[in-house]
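Here the structure comes first, spelled out in structure tokens, and everything after it is commentary.
The values are calculated or read from the model by the stated rules, or taken from the named source; none is laboratory data. Here the structure is a predicted model, which is why all the values come from computation and not from measurement. Here the Cβ is made from the backbone with ideal geometry for all residues, glycine too, and neighbour counts use every protein chain on show.
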Amino acid sequence: MADTAAPPAPSQQPTPQASQPAESSTSAGKAPAGAGEKEPVVVLVIGMAGSGKTTLMQRFNSYLHSKDTPPYILNLDPAVSHMPYAANIDIRDTVDYKEVMTQYNLGPNGGIMTALNLFTTKFDQVLGFVEKRAQDVDYVLVDTPGQIEIFTWSASGAIITDAIASSLPTVVAYVIDTPRTTSPATFMSNMLYACSILYKTRLPFILVFNKVDVEPHDFALEWMEDFEKFQAALAERGRDENGENYMNSLMGSMCLVLEEFYNSLRAVGVSAMTGQGMKEFFAAVDDAHKEYNTDYKPELERVRAEREAKAEAAKDANLERMLRDMGMSGGGKSASSAPTTSAGEDPTATNPFGPFPRNDREDAYLDNEDNHYDSEDERIEAQMEFEEEADDHPELDAQDVEVSFGGNRSDLSFPAPQ
Ligand SMILES: Nc1nc2c(ncn2[C@@H]2O[C@H](COP(=O)(O)OP(=O)(O)OP(=O)(O)O)[C@@H](O)[C@H]2O)c(=O)[nH]1
């Protein structure tokens, strides 16, 4: 194996909080920067426990080193005991899941899940490290926790996936233990799981049939291409020890449903043990990278633009509402929020002080006959007289007068503008 460096020992954390993620210096940093802009592709390695993810990561790593394109590696599995490759960023350097178990009184799965949650709170920094190296590498490999559901169905897994996929081209490599998938029922369960991940992440997807040194994956390709062959295998091998085949019709219909799913992915057979299929795997990754750029990226940009447009519209609406509240715009009132008097009329509609209900002081002012003017000129003249008088009487200085919004805003009071 080309890269068998011992993994760095996990640091002992005094408290189960995520410390600052650390970046190990491995060969990725030494990769020669290519001419022009480089855009690495992130490969998220996901699979059931024991499917061979970690061994495969080591194989990918050694293969890429042999091609002179060392990858940048992230390990997100806090419980991995032996890592046969050196990761650039290792979750175990940041959170000690055993410490998390002790402090939070959790079992192993709860500890792994909580460790991942804690790490997620620092993931923006992790992404910062990855982005900094983006110019130097072609591939970023991400190993995920052995308990697949901890990553695929947790909020932190979704946050991490979204964060990575919105910053760099990302593809999912779903690792399958081929020798353990030869029964039609296990095959179907694995495919349904893969399908759910594909529809959840919506990222370009590669089915990686691992351990083909033990069992070639031809049967799987055959079942995916020709559903009648799968039906035949079901009829032949789908019976339990009592000769029952009650699951067969369900699985038969399932394979029809999965036909569309099979069309939208690539499948390769590999062996982490012998290194078979590496060239085909990376060709599939490059193909999926292109798919990300043609299909996923425009969709991502569309969603992002939609989100920004919504945020902009909300900002405009807030500004408009604020201006209305301050009586600086047309003063249009919102029909739904305008309060009404007991007589059913809207007091804001007749309030010259602004688009809010009159308060007692304003009512008193308007009820005073002296304050009614026949024309706007007359009102302005009266105001100028008042201001001249106010100059001679500093006690009338407006600065000392508290203006309070009436009605539903009576809890707010603001000093009068100077
Ligand atoms: N024959 C054979 N064995 C393999 C291959 N890949 C992995 N294995 C073996 O499968 C077992 C599980 O491999 P791991 O790499 O630990 O699998 P994993 O998916 O990372 O396991 P978890 O972290 O527990 O989920 C180990 O005994 C490996 O030696 C392969 O291609 N061929």
Whichever residue in segment 103-131 is among the aliphatic types (A, V, I, L, M) and either touching a Lys or Arg at 6+ places or on another chain (Cβ under 6 Å) or farther than 24 Å from Ser81 by Cβ (or both) and, among such residues, is surrounded by the fewest Cβ atoms within 10 Å (Cβ to Cβ):
Leu127
Across (1) surrounded by 24 or more Cβ atoms within 10 Å (Cβ to Cβ); (2) within 11 Å of the ligand (Cβ to nearest atom), Ile73 clears everything bar (2)
Among the helices (runs of 4 or more DSSP H) contained in segment 117-196, which hold 3 or more residues that are within 16 Å of the ligand (Cβ to nearest atom)?
148-152
Pairs, first within 17 Å of Ala288 (Cβ to Cβ) and more than 9 Å from the ligand (Cβ to nearest atom) in segment 36-65, second part of a loop (DSSP other than H, G, I, E, B) and among the polar types (S, T, N, Q), C-beta under 7 Å, six or more apart
Leu44/Thr144; Ile46/Thr144
It is to be established whether one or more residues within segment 136-152 are of a type in the set (Ser, Thr, Tyr) and closer than 20 Å to Leu64 by Cα.
yes
Flagged in segment 268-301 as of a type in the set (A, V, I, L, M, F, W, C) and either within 16 Å of the ligand (Cβ to nearest atom) or more than 20 Å from Thr201 (Cα to Cα) (or both), in numbering order, are Val268, Val270, Ala272, Met273, Met278, Phe281, Phe282, Ala283
Residue count, segment 36-91 (criterion: in a helix (DSSP H, G or I) and in contact with a strand residue (DSSP E or B) (Cβ under 7 Å, 6 or more places away or on another chain)):
8
Only one of Glu301, Glu280, Glu306 is modelled with pLDDT of 95 or more, surrounded by fewer than 19 Cβ atoms within 10 Å (Cβ to Cβ) and farther than 17 Å from Val140 by Cβ; which?
Glu280
For segment 159-179, which positions are closer than 19 Å to Gln125 by Cβ and charged (D, E, K, R)?
Asp162
Are any residues in segment 76-86 touching a residue at least 40 places away in the same chain (Cβ under 8 Å) and either within 13 Å of the ligand (Cβ to nearest atom) or within 22 Å of the chain's Cα centre (by Cα) (or both), and if so, which ones?
Leu76, Asp77, Pro78, Ala79, Val80, His82, Met83, Pro84, Tyr85
Hits in segment 151-180 (condition: over 15 Å from the mean Cα position of the chain (by Cα) and surrounded by fewer than 24 Cβ atoms within 10 Å (Cβ to Cβ)):
Asp177, Pro179, Arg180
Those residues of segment 124-141 which are touching a residue at least 60 places away in the same chain (Cβ under 8 Å) and either touching a helix residue (DSSP H, G or I) at 6+ places or on another chain (Cβ under 7 Å) or farther than 20 Å from Ala173 by Cβ (or both), in sequence order:
Gln125, Phe129, Arg133, Gln135, Asp136, Val137, Tyr139, Val140, Leu141
Within segment 201-254, restricting attention to residues that are among the small types (Gly, Ala, Ser) and modelled with pLDDT under 85, which residue is farthest from Thr294 (Cα to Cα)?
Gly243
Exactly one of (1) touching a residue at least 12 places away in the same chain (Cβ under 8 Å); (2) farther than 17 Å from Lys53 by Cα is unmet by Val172. Its number?
(2)
Among the residues of segment 217-229, is any under 36 Å from the mean Cα position of the chain (by Cα), under 19 Å from Phe282 (Cα atoms), within 16 Å of the ligand (Cβ to nearest atom) and not hydroxyl-bearing (Ser, Thr, Tyr)?
yes
Can you tell me how many residues in segment 201-226 are buried (at least 21 other Cβ atoms within 10 Å of the Cβ) and part of a helix (DSSP H, G or I)?
4
